[in-house]
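Below: the structure, in structure tokens.
What follows draws every value from the coordinates through simple rules; no lab data is involved. None of these values were measured; they are calculated from a predicted model. Every residue, glycine as well, gets a Cβ built from its backbone with ideal geometry; the counts of neighbours run over all protein chains shown.
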Amino acid sequence: MITSIQGTLTAATPLHAIVELNGFGYEVNVPVTTAERLPQLGASVKLHTLVIYREDAQTLYGFTTVSERDFFRLMIENVTGVGPKGALGIMSRLSLASLEGAIRSGDIATLAKTQGIGKKIAERLVVELKAKVGGGNNIDFSGVPSTASDAPPGANAHRDAVSALGALGYKAADADQAVRRAALALGPSATTETLIKRALSG
């Protein structure tokens, strides 16, 4: 199984990346939240991957961190009605920190607003994954929690900043997107306060 790929980023869109390695160009399906963090074209990139084998195709999915890759696999293997395309859509709409928070708190309304995910699937996400999603961004996957180093940097600050914007009236997805943009601009050491200020400044 291909668990990661590292090479030169030769093309990128919000949902795809082409990584060239040893003369081969690998098309990797990525969520928007990963595409946002890709380097410039021509730079080296490493993605943690999962290959989905079908009778008529072999599709490669890639993520910035091991935790995100494992969460994707957790959804498609445990949640009835969620396939790779749906799981990619869910992870494109919300960051891993916000997804885990919504599942732990049973926030079906936020999950149901994801394109292609209705109330029934949102309920399944909560019911079938709540016990598998631990605190601190560590996912209980195959009995081996992801290590702290696998968690996206500043996950707690991100979660807290999204919650603060929600309290100010932002929709969950809009708050998450604003904080993701702020985190990209400020870097992994950004605090909750600086993330909020940057997100509010547009």
Q: With an 8 Å cut-off on Cα pairs and a minimum separation of 6 or more residues, tell me the relative contact order of the chain in percent.
A: 14 percent
Q) For the chain, with the dipole built from +1 on Lys and Arg beta-carbon atoms and -1 on Asp and Glu ones, taken about the Cα centre, which of LEU125, ALA167, ALA109 lies farthest toward the positive end? A) ALA167
Q. If you average the sequence gap of Cα pairs under 8 Å that are 6 or more apart and divide by the length of the range 153-202, what percent do you get for the contact order?
A. 47 percent
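Which entries in the list LYS85/LYS119; LYS130/LYS171; LYS85/LYS120; LYS46/LYS119; LYS130/LYS197; LYS171/LYS197 go over 25 Å, if you measure between the two C-alpha atoms of each? Before the final figure, lay out the partial values.
On the way: LYS85/LYS119 17 Å; LYS130/LYS171 22 Å; LYS85/LYS120 17 Å; LYS46/LYS119 35 Å; LYS130/LYS197 31 Å; LYS171/LYS197 17 Å.
In this structure, LYS46/LYS119; LYS130/LYS197 exceed 25 Å between Cα atoms.
Mind putting a number on the dipole of the chain about its Cα centre? Charges go on the C-beta only, +1 for Lys and Arg and -1 for Asp and Glu, and I need it in Debye to the nearest 20. Intermediate values should be presented prior to the final figure.
Details: 20 positive and 18 negative charges, 91 e Å.
Roughly 440 debye, rounded to the nearest 20.
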Q. Can you give the calculated 222 nm mean residue ellipticity of the chain, where each DSSP H run of n ≥ 4 adds -39,500 (n - 2.57) and the sum is split over every residue, rounded to the nearest 500 deg cm²/dmol?
A. -13000 deg cm²/dmol
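Taking the Cβ of each residue in VAL66, VAL162 as the centre, tally the other Cβ atoms inside 10 Å and list the residues starting with the fewest.
Details: VAL66 18, VAL162 30.
Final ranking by Cβ density, sparse to dense: VAL66, VAL162.
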Q) Given H placed 1.01 Å from N in the peptide plane, which residues other than close sequence neighbours of LEU15 have an amide H under 5 Å from its amide H? A) none
(Q) If I take R0 = 30 Å and measure r between the Cβ atoms of GLU193 and ALA109 in this structure, what FRET efficiency does the formula 1/(1 + (r/R0)^6) give, to the nearest 0.05? (A) 0.65
Q: Would you mind calculating the gained length between MET1 and GLN58 on full extension (0.36 nm times residue separation, minus the Cα-Cα distance), in nm to one decimal?
A: 19.4 nm
Q: State the extension gain, in nm to one decimal, for the chain segment bounded by ARG181 and THR10, taking 0.36 nm per residue of separation less the distance between their alpha-carbons.
A: 59.3 nm
**Q.** the range 4-64: relative contact order as a whole-number percent, Cα under 8 Å and 6+ apart
**A.** 35 percent
**Q.** Residues THR59, THR192 arranged by fewest to most Cβ contacts within 10 Å
**A.** THR59, THR192
(Q) Only counting other Cβ atoms within 10 Å, I'd like THR65, THR34 sorted with the fewest neighbours first. (A) THR65, THR34
Q) For the range 153-202, what is the Kirkwood hydrodynamic radius in Å, using each pair of distinct C-alpha atoms? A) 10.1 Å
